[in-house]
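Notes follow the structure.
The values are calculated or read from the model by the stated rules, or taken from the named source; none is laboratory data. Keep in mind that what you see is a predicted model, and the values were worked out from it rather than measured. Positions of Cβ are backbone-derived with ideal geometry, glycine not excepted, and every protein chain shown enters the neighbour counts. To get the accessible areas, we keep the full protein, side chains included, count just its heavy atoms, and leave off ligands, DNA and RNA. Shrake-Rupley method; radii C 1.70, N 1.55, O 1.52, S 1.80 Å.
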Number of protein chains: 2
Amino acid sequence: MNSGEVPDVVVLRLPLYVRVLSQLLHRGDNVVSSDQLGALLQMTPAQIRKDLSYFGRFGKQGRGYDVKFLREKLRGILGLDLKWPTCLVGVGRLGQAIINYPGFVPEGFDILAAFDSDPEQMGTTVGGLAVQPMSCLDETVAAKGISIGIVAVPSAQAQSVIGRLVKAGVHGILNYAPVAPQVPADTVIRNVDPVLSLQSMTFYLMQDRGAPLAAMP
Amino acid sequence: MNSGEVPDVVVLRLPLYVRVLSQLLHRGDNVVSSDQLGALLQMTPAQIRKDLSYFGRFGKQGRGYDVKFLREKLRGILGLDLKWPTCLVGVGRLGQAIINYPGFVPEGFDILAAFDSDPEQMGTTVGGLAVQPMSCLDETVAAKGISIGIVAVPSAQAQSVIGRLVKAGVHGILNYAPVAPQVPADTVIRNVDPVLSLQSMTFYLMQDRGAPLAAMP
């Protein structure tokens, strides 16, 4: 298996599978069918079987999946049992919220360094980390083996900050700026974009308003 | 057309279409083919034609899409030309970052009220809004015609806060807590979950580490 063969949309779904399998395990379910997984994930059983088929043969016809085994395999494929040294760029209000977010560390994402370009931030501390100037980026990334960068800078700076991270050897970017930065092919970027989420929600809310849904030609 | 006929995954993509069409318009492109759209969105042309076919006939065989027309139609379908009165629940660090986020207002999402359950927050102001107790929720939602609630409370409180929002008549929820709350069928929820984004990124970073991608049975 090569990651190039797996559609990104499938990769995006895998963590959801892991989450649902963890819930099943937690409540004592040892076996789950693709029908049951489909109901929990709001997907067709056929789609689930197809998604999983990229990674091997997990289930036996008519017998369902072993919850614990499948969960462990998917966690291994996603690298969720590893530690992922992470850095934060941008320690404004959003950056401070991110560094204090309790959800990262239990999942292996340890923010080990914080950077900002604002000279006024130097000497300050966020989430227990001394804020470093951008000039320290290369050295710190190398010294701490940082592979993921969380970018919480204003839109206008996002592309250049991401460029610097990539140059420093960071190949995973979680971008909070509402722009779509370009990254090289060997880098993976995810954009956290609340406006996109809202904009796909209003489609449904339109009907509450009694607005005509389609006035198509 | 009924929203029930359109797969949610298609609705999730529509705002991206709008964004790309805006970029094309901005640079003076009047016509775009599904091949070009596919290249910009990293999707197959066939998928793009299929997605758009849910909403009508936009393009002519071999002649491409009229950029301005398609953009306006999609904006209309998504309700992006309307104002969407929005409230925030939870004015901690994350809530403060959200209320000061500059991306919401230009897109029609005006945060008109802020709520918190912490008595210490009463009398304080965030983003120009006086923080209100949860007991004011019903009244304020009705008075201001609020249809969207942004939830930035700790995980343990998320489900109950969302339940109260729904009861107050809010049918669109943007949830920042790293949980998967349940909502009634007439309510639409989007979860902003940075951990899920990170977890789907490490799949690719595994290869940087030289880790064996698959040790499947």
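Tell me whether the stretch B:84-197 comes out rounded, prolate or oblate; compute the Cα gyration tensor, take square roots of the eigenvalues as a ≥ b ≥ c, and use a/c under 1.5 as the rounded threshold.
rounded
With r as the distance between the Cβ atoms of A:LYS60 and B:ALA46 and R0 = 30 Å, compute the FRET efficiency 1/(1 + (r/R0)^6) and round to 0.05.
It comes out at approximately 0.35.
Let's test the formula: R0 of 51 Å, r as the Cβ-Cβ distance of A:SER53 and B:GLU139. What FRET efficiency results, to the nearest 0.05?
Calculated transfer efficiency: 0.45.
Can you give the charge dipole size of the stretch A:42-169 about its Cα centre, rounded to the nearest 20 debye, using +1 on the beta carbon of Lys and Arg and -1 on the beta carbon of Asp and Glu?
Approximately 980 debye in magnitude.
Note the count of lysine pairs whose C-alpha atoms are less than 27 angstrom apart in the protein assembly as shown, limited to pairs 8 or more residues apart or on different chains.
Lysine pairs, 8 or more places apart or on different chains, close enough: 21.
Would you grab the residues whose amide H sits under 5 Å from the one on B:VAL192? Only those 5+ places off in sequence or on another chain, please, with H modelled 1.01 Å from N.
Those qualifying (amide H under 5 Å, at least 5 residues apart or on another chain) are B:ASN175, B:TYR176.
Please state the relative contact order of the stretch B:3-77 as a whole percent: Cα pairs under 8 Å, 6+ residues apart?
Working: 56 pairs, mean separation 28.4, N = 75.
RCO, the stretch B:3-77: 38 percent.
Can you pull the accessible area of A:SER155 for me, 1.4 Å probe, Å² to the nearest 10?
Its accessible surface works out to 50 Å², give or take rounding.
Give, rounded to the nearest 20 debye, the magnitude of the charge dipole that the protein assembly as shown has about its Cα centre when Lys and Arg contribute +1 at Cβ and Asp and Glu contribute -1 at Cβ.
The dipole magnitude comes to about 1180 debye.
HN-Hα J couplings of the stretch A:144-157 from phi, Karplus 6.51/-1.76/1.60, θ = phi - 60°, integer Hz, Gly and Pro as x?
After applying 6.51 cos²θ - 1.76 cosθ + 1.60, I find 9, x, 6, 10, 10, x, 9, 10, 10, 10, x, 3, 5, 9 Hz.
Enter the mean number of other protein chain beta carbons within 10 Å of the beta carbon of each residue in B:75-84, as an integer.
Whole-number average of other-chain Cβ neighbours for B:75-84 is 5.
Roughly how many nanometres apart are two label points built 7 Å out from the Cα toward the Cβ at B:ASN100 and B:ASP186?
Label at B:ASN100, label at B:ASP186, 3.9 nm between them.
Note the full-extension length gain between A:ASP8 and A:SER117 as 0.36 nm times their separation in residues minus their Cα-Cα distance, in nm to one decimal.
36.0 nm
Suppose a student asked you for the relative contact order of chain B, using Cα pairs under 8 Å spaced at least 6 residues apart; what percent would you report?
Details: 283 pairs, mean separation 27.5, N = 217.
Value for chain B: 13 percent.
Taking only DSSP H segments of four or more residues, each worth -39500 (n - 2.57), what value at 222 nm results for chain B once the sum is divided by all its residues, to the nearest 500 deg cm²/dmol?
-12000 deg cm²/dmol
Just tell me how shielded B:171-177 is by partners: mean number of partner chain Cβ atoms within 10 Å of each residue's Cβ, no decimals.
The shielding value for this peptide is 3.
Write down the accessible area per residue of the stretch B:42-148 in Å², having rolled a 1.4 Å probe over the full set of protein chains.
50
So, with a 1.4 angstrom probe, what is the percent of accessible area on chain A that is carbon and sulfur?
Ligands and nucleic acids excluded, carbon and sulfur give 51 percent.
Could you tell me which of B:ALA39, A:GLN96, A:CYS136 has its Cα farthest along the dipole of the protein assembly as shown towards the positive end, charges placed at Cβ (Lys, Arg +1; Asp, Glu -1), taken about the Cα centre?
After comparing all options, I get B:ALA39.
As I understand it, the dipole of the protein assembly as shown uses +1 on the Cβ of Lys and Arg and -1 on the Cβ of Asp and Glu, about the Cα centre. Which of B:ALA156, A:THR125, B:LEU82 lies farthest toward its positive end?
Selected residue: B:LEU82.
I'd like the trypsin sites (Lys or Arg not before Pro) in the stretch B:14-103 restricted to DSSP loop residues with at most 14 other Cβ atoms within 10 Å, sorted by number.
B:ARG27, B:ARG57, B:ARG63, B:LYS83
Compute the Cα gyration tensor for chain B, then decide on rounded, prolate or oblate, letting a ≥ b ≥ c be the square roots of its eigenvalues: rounded whenever a/c is under 1.5, prolate when a/b is larger than b/c in the other cases, and oblate in all that remain.
Oblate.
For the stretch A:3-76, take every pair of Cα atoms, bin their distances at 10 Å starting from 0, and report each bin as a whole percent.
Histogramming the stretch A:3-76 at 10 Å steps yields 20, 61, 19, 1 percent.
Quote the charge dipole size of the stretch A:16-64 about the Cα centre in Debye, to the nearest 20; the model charges only the Cβ of Lys and Arg (+1) and of Asp and Glu (-1).
The dipole magnitude comes to about 140 debye.
Can you list, shortest first in nanometers, how far B:GLY123 lies from the same residue in the other copies, with each label 7 Å from Cα toward Cβ?
Sorted ascending, the copy-to-copy spacings read 3.4 nm.
For the protein assembly as shown, report the convex hull volume of the alpha-carbon atoms normalised per residue, in Å³, without decimals. Before the final figure, lay out each step's value.
Details: hull volume 69.3 nm³, N = 434.
Residue-normalised Cα hull volume stands at 160 Å³.
Provide an ascending nm list, one decimal, of label-point separations from A:ARG57 to the equivalent residue in each further copy; define each label point as 7 Å from Cα along Cα→Cβ.
Those label-point separations list as 4.8 nm.
Please list 3J(HN,Hα) in residue order for the stretch A:17-30, calculated via the Karplus relation 6.51 cos²θ - 1.76 cosθ + 1.60 where θ = phi - 60°; whole Hz, with x for glycine and proline.
Along the stretch A:17-30, the couplings run 4, 4, 5, 5, 5, 4, 4, 4, 4, 4, 8, x, 7, 9 Hz.
Between A:ASP110 and A:ARG27, with labels modelled 7 Å along Cα→Cβ, what's the label distance in nm to one decimal, could you check?
Going from the A:ASP110 label point to the A:ARG27 one covers 3.5 nm.
How big is the A/B interface in buried accessible area, both sides summed, 1.4 Å probe, to the nearest 100 Å²?
Protein heavy atoms only, the A-B interface buries about 6400 Å².
When only the heavy atoms of the protein chains count and the probe is 1.4 Å, how do A:CYS136, A:CYS87 rank by accessible area, highest first?
Listed by decreasing accessible area, they come as A:CYS136, A:CYS87.
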